[in-house]
Amino acid sequence: MAPDCQLDRALDATLFIPYTAEAREHLHPIRFRADIANVNRCVGTMLGSQVTRQHPEGLPEGSITVDCDGSGGQSFGAFLPRGITLNIEGDANDYFGKGLSGGVLTVRPPEEATYKFDENVVVGNVAFYGATSGKGFVNGLSGQRFAVRNSGATVVVEGVGNHGCEYMTGGIALILGEVGPNFAAGMSGGVAYVYDKFGTLADNCNLDMVRLREPSEDEIELIRSLIEEHAERTQSPRGIKLLYQFNTLKKLFVKVIPRDYERVINAVEAAEASGKSHEEALQIAFDAMTEGK
């Protein structure tokens, strides 16, 4: 007997897809609310597939916004394309934002919560696994293996468990708190910025492939802008406090960057400074990295 996956009864099939039909067809922005529970898995994925079928390059940002209340099941927002924003007021299970492909995801605890947001886990393990583009903002802590194999998304979180940014190959991860052991293991690309208030990063970071650096002035401005967006999208108390004290606290941010990735960036910048085009600079950097191999 064929398994009954109940796709026709999924939240996407019964609400998201029919309710956004006109918005997708005529590009009229739409925003609505939905109640969710942890039995609602892969929320937004079927809607995302419909968007991709109609608009292979995605939609303008903010075209479809869904404000969800409750607890997101596994793989909430998986493979979400550009133009869709999913917000959760509550929490989410494992694989939050898996394969994020241009969309925007946010999560924050409910307003009536009495616990400290930045001291409690609000998304499960392996959040943003294999993300390729888009943005994610987590008002609270994540479980283990945050942003594993991220290759292009920009994500902000207030602390991570073990193995954060493992095998990351691109993108940006901003961690506004402590990281667990084995951070950046196998990280070959992308950049992580960590608010190292207690000086624990060096002990918890796997330094086999990465270096710890001081962010440049431009990077400090990037960090500030990401915290501003994080606070605006999630009303994060920690984000707001950091902004008020940013000029004092900015020296506590540490840049985590892979050694070879740093060499490539430096080679590209040097070539462009000498008058080479970006494509020529990339080729020069590639030749330098592969010479003798």
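Please state which one of Asn87, Asn120, Asn139, Asn93 is open to solvent by less than 20 Å² (accessible area, probe 1.4 Å), in contact with a strand residue (DSSP E or B) (Cβ under 8 Å, 6 or more places away or on another chain) and of a type outside the set (D, E, K, R). Of the residues listed, the single one that is open to solvent by less than 20 Å² (accessible area, probe 1.4 Å), in contact with a strand residue (DSSP E or B) (Cβ under 8 Å, 6 or more places away or on another chain) and of a type outside the set (D, E, K, R) is Asn139.
Do you know which residues across the stretch 96-131 are without any contact (Cβ under 8 Å) to a residue 40 or more places away in the chain, part of a strand (DSSP E or B) and within 20 Å of Gly58 (Cβ to Cβ)? Once the filter is applied, which keeps residues that are without any contact (Cβ under 8 Å) to a residue 40 or more places away in the chain, part of a strand (DSSP E or B) and within 20 Å of Gly58 (Cβ to Cβ), the stretch 96-131 yields only Leu105.
Against the list (1) open to solvent by 80 Å² or more (accessible area, probe 1.4 Å); (2) at pLDDT 95 or above; (3) of a type outside the set (A, V, I, L, M), the condition Pro258 fails is (1). Scanning the stretch 18-25 for residues that are surrounded by fewer than 16 Cβ atoms within 10 Å (Cβ to Cβ), farther than 11 Å from Ile84 by Cβ and touching a residue at least 24 places away in the same chain (Cβ under 8 Å) turns up at least one hit.
From the set of residues in the stretch 12-61 that are among the small types (Gly, Ala, Ser) and not in a helix (DSSP H, G or I), which is farthest from Tyr129 (Cα to Cα)? Step by step, filter the stretch 12-61, then rank; the result is Ala34.
Exactly one residue out of Gln54, Gln6, Gln50 is more than 22 Å from Ser101 (Cβ to Cβ) and polar (S, T, N, Q): that is Gln6. Just to be sure, is Gly134 buried (at least 24 other Cβ atoms within 10 Å of the Cβ), outside any loop (DSSP other than H, G, I, E, B), within 12 Å of the chain's Cα centre (by Cα) and not polar (S, T, N, Q)? Yes, satisfied. Evaluated against (1) under 25 Å from Ser151 (Cβ atoms); (2) part of a helix (DSSP H, G or I); (3) not basic (Lys, Arg), Leu249 falls short on exactly one condition, (1). The single condition among (1) within 29 Å of the chain's Cα centre (by Cα); (2) at pLDDT below 95 that Lys293 does not meet is (1).
The values are calculated or read from the model by the stated rules, or taken from the named source; none is laboratory data. Fair warning: this is a prediction, and the values are worked out from it, not measured in the lab. As a convention, Cβ positions derive from the backbone with ideal geometry for all residues, glycine included, and neighbour counts pool all protein chains shown. With ligands, DNA and RNA removed, areas are computed over all heavy atoms of the protein, side chains included. Shrake-Rupley method; radii C 1.70, N 1.55, O 1.52, S 1.80 Å.
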